[in-house]
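Input: a single structure, listed below in structure tokens.
Laboratory data are not the source of any read-out in this text; all were calculated from the coordinates shown. Everything quoted here is computed from the prediction, not taken from an experiment. When we count neighbours, we look across all protein chains shown, and the Cβ atoms used for this are built from the backbone with ideal geometry, even at glycine.
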């Protein structure tokens, strides 16, 4: 590979990182020519992003297309809110974080599968509103284009929370905690399942 080509590749990557802020709202747009509709890698600083999914289908976007998002960051915390409104855009989110702590707010109408490493923490809102529609770490990985899909790989702490599609805000922690106490009998997975079996031969 020539040095000129390497320089151009580096400049392209640098401009891509400059274009995306590491804090605040980011609109996810369909990019038919790219592997990812949203891609952020190698920022080396804390990320706190609201990933705004489109509420309409872009021109030339296939009907069954899932918005694909990839976020990677080493040794720095990652906070991602996946925000969508009706009609909902299905999505695939992959997070590669090495040792970083990862917190993800998933929309309350999430339906699909989640694959993760370690023992995550699930908020009251997630347990109340999302858990029943989730397949967690199923061994037979299949592609369901009509569903959502999340993959999180990190040796750090993982937390899953809820983004309320009705209020367009993160979950009301106090309200969801009261609902857990007085109206919800479901238990968070980490209290009922021995996730250590994933590490056994």
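With 0.36 nm allotted per residue and the present C-alpha distance subtracted, the residue 159-residue 138 stretch has 5.7 nm of extension available. In the range 46-151, Rg over Rh equals 0.95, where Rg is the alpha-carbon radius of gyration and Rh the Kirkwood radius from pairwise Cα distances. Can you compute the label reach from residue 173? Point 7 Å from Cα along the Cβ direction, backbone N cut-off under 20 Å, restricted to the range 80-111. Counting only backbone N, you get 80-83, 101-108.
Take the Cα radius of gyration of the range 103-167 and divide it by 2.2 N^0.38 Å, N being the number of residues; the result is 1.08.
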